[in-house]
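Structure, as structure tokens:
The values are calculated or read from the model by the stated rules, or taken from the named source; none is laboratory data. None of the values given here were measured: they were computed from a predicted structure. Every residue, glycine among them, receives a Cβ derived from its backbone with ideal geometry; neighbour counts consider all protein chains shown. The area values use the complete protein model at the heavy-atom level, side chains included, leaving out ligands, DNA and RNA. Shrake-Rupley method; radii C 1.70, N 1.55, O 1.52, S 1.80 Å.
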Amino acid sequence: MSVQAEIEQKLTKALNPAYLAVTNESHMHNVPPGSESHFKVVVVSADFLGKMPVKRHQLIYGLLAEEVQHKIHALALHTYTPDEWKKQAESAPESPSCANKR
């Protein structure tokens with residue numbers, strides 16, 4: 001199973017997201033072709049109600065502890081409640097390009 005699929009599976013099971021997008025952004029960084037080391041994760045879940053962003057991120061890092069420790073170099077998290085997502089016009093910020101890209 002790919003790292004991206006592992007992330008999607010774990011977050012779907014634990015957070016029952018209204019929206020989930022896991023994007024492999026490794027190609028935007030100075031890594032070998034085909035790498036799965038840099039991800040952007042957008043999660044919209046009612047489970048985030050009443051939680052500050054740092055607590056949401058800690059929750060996700062806890063769910064993905066093994067991947068973060070052994071497989072993932074960078075994880076850009078964008079976490080929203082359903083109402084916050086609507087206020088964001090249902091879009092997350094674009095990721096910047098890496099200055100060290102090949």
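Structure values in brief
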quantity: Zone residues, the range 1-27, relative to S37, backbone N less than 16 Å from point 7 Å out along Cα-to-Cβ; calculated: 3-4, 24-27
quantity: For the range 2-70, accessible area per residue (1.4 Å probe, heavy atoms of protein chains only), Å²; calculated: 54
quantity: Total charge dipole magnitude, the chain, about the Cα centre, Cβ charges on Lys, Arg, Asp, Glu only, Debye to nearest 20; calculated: 180
quantity: Additional length obtainable on full extension of the chain from A5 to H70, 0.36 nm per residue less Cα span; calculated: 21.9 nm
quantity: Angle in degrees between helix 3-15 and the longest Cα principal axis of the chain, rounded to the nearest 10; calculated: 10
